[in-house]
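Heads up: the structure comes next, in structure tokens.
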Amino acid sequence: MKRWAQKLGMLVLLLGVWELLARSGLWSPHLFPGPVTVVGSLVHMVSTGQMGSAVLRSLGRLGRAYLISVGIGVPLGLAIARLSFFREAVKPIVAGLQALPSICWLPLALLWFGLNDSAILFVVVMGSVLAIAIAVEDGVKSIDPQLIRVAHTLGVRGARFSFGVLLPAALPGIITGLKLGWSFAWRALLAGELLFVSGGLGQLLTLGRELMDVPQVMAVMLAIIALGMLVDRLLFQTVETRVRRRWGLQPQL
């Protein structure tokens, strides 16, 4: 209860400061609306179905691209961590591409796939798959070497070693990598949706900008923040906490 009270108090404080700044007259009300106006715009988009349709469209794209990223990134990270020749050949390329902002892939995606969902999916995959691979590699490399030696001494090799020893031991690090990949995918998705008509949350942002509707822009931003926090809280944080407790990395409550 104390933690929830602290969070609620901080939220009320932020809203109060926001309302005071909106009423201060430093900016035009059209350019810096208060929280009541922004929430009103959000309620209007929800009631007309705009917000629900945009959220479903964006989450659908994100889910498909994220599954592809996980399917490629996890095996890639495992291969980089366990195969020395593969690591020497591929890791510098992965590290170099990871330094490239995901939005830089959009012009190439548009040339290859045209103005459609495939272009956005490609940008999202390229924005998250490398982060997942690097995090998975770090998770595997953090495994206690003694555990690996014991497994080899007992004759555990091949698929039994990979699925019975390696993956379970590296699971906390892998989950952290999946969480990181989700955040990169979310950012890449919105960046891609902003640049052409896509029917998602990015298009609602663009529409608000074109109409000079600042309350709509801020309302969509709040919805994006809320969705990101909801997924992190209900999915990744729950799974991460349970795995860390199961592996003895976090005390039981």
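The values are calculated or read from the model by the stated rules, or taken from the named source; none is laboratory data. Worth saying up front: this structure is predicted, and the values here are computed from it rather than measured. Please note: Cβ atoms are built from the backbone with ideal geometry, for glycine as well, and neighbour counts cover all protein chains shown. We work out accessible area using only protein heavy atoms, side chains counted, and drop any ligands, DNA or RNA first. Shrake-Rupley method; radii C 1.70, N 1.55, O 1.52, S 1.80 Å.
See the values below:
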read-out: One residue from LEU106, LEU110 being assigned to a helix (DSSP H, G or I), more than 16 Å from ALA81 (Cβ to Cβ), among the aliphatic types (A, V, I, L, M) and open to solvent by 20 Å² or more (accessible area, probe 1.4 Å); value: LEU110
read-out: Among (1) in contact (Cβ under 8 Å) with a residue 12 or more places away in the chain; (2) assigned to a loop (DSSP other than H, G, I, E, B); (3) of a type outside the set (Gly, Ala, Ser) - the single one TRP27 does not satisfy; value: (1)
read-out: Inter-residue pairs, beta-carbon under 9 Å, first more than 24 Å from VAL214 (Cα to Cα) and open to solvent by 70 Å² or more (accessible area, probe 1.4 Å) and in region 1-22, second part of a helix (DSSP H, G or I) and charged (D, E, K, R), 6+ apart; value: none
read-out: Some residue of region 116-133 being free of Cβ contacts under 8 Å to residues at least 12 places away in the same chain, under 24 Å from LEU59 (Cβ atoms) and not acidic (Asp, Glu); value: yes
read-out: Condition broken by GLY139, with the remaining ones in (1) buried (at least 17 other Cβ atoms within 10 Å of the Cβ); (2) more than 19 Å from VAL165 (Cβ to Cβ) satisfied; value: (2)
read-out: Residue among GLY77, GLY73, GLY49 that is closer than 17 Å to ILE224 by Cα and not charged (D, E, K, R); value: GLY49
read-out: Search result, residues across region 189-216 that are in contact with a Lys or Arg (Cβ under 6 Å, 6 or more places away or on another chain) and open to solvent by 30 Å² or more (accessible area, probe 1.4 Å); value: none
read-out: Residue check, VAL123 open to solvent by less than 30 Å² (accessible area, probe 1.4 Å) and in contact with a Phe, Trp or Tyr (Cβ under 9 Å, 6 or more places away or on another chain); value: yes
read-out: Qualifying residue in region 75-86 (condition: assigned to a helix (DSSP H, G or I), under 17 Å from GLY200 (Cβ atoms) and over 23 Å from the mean Cα position of the chain (by Cα)); value: no
read-out: Criterion: open to solvent by 70 Å² or more (accessible area, probe 1.4 Å) and either modelled with pLDDT of 90 or more or more than 18 Å from VAL136 (Cβ to Cβ) (or both) - qualifying residue of ARG61, ARG87, ARG82, ARG57; value: ARG57
read-out: Residues satisfying the stated conditions in region 153-174, i.e. surrounded by fewer than 12 Cβ atoms within 10 Å (Cβ to Cβ) and not basic (Lys, Arg); value: THR153, LEU154, GLY155, GLY158, ALA159, PHE163
read-out: Failed item, numbered, when VAL70 is tested on (1) more than 14 Å from the chain's Cα centre (by Cα); (2) under 22 Å from ASP117 (Cα atoms); (3) touching a residue at least 40 places away in the same chain (Cβ under 8 Å); value: (1)
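Rundown of residues vs (1) in contact with a helix residue (DSSP H, G or I) (Cβ under 9 Å, 6 or more places away or on another chain); (2) modelled with pLDDT of 80 or more; (3) in a helix (DSSP H, G or I), yes/no style:
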residue: ILE93; (1), (2), (3): no, yes, yes
residue: LEU100; (1), (2), (3): yes, yes, no
residue: ALA119; (1), (2), (3): yes, yes, yes
residue: VAL124; (1), (2), (3): yes, yes, yes
residue: LEU130; (1), (2), (3): yes, yes, yes
residue: ALA135; (1), (2), (3): yes, yes, yes
residue: PHE163; (1), (2), (3): no, no, yes
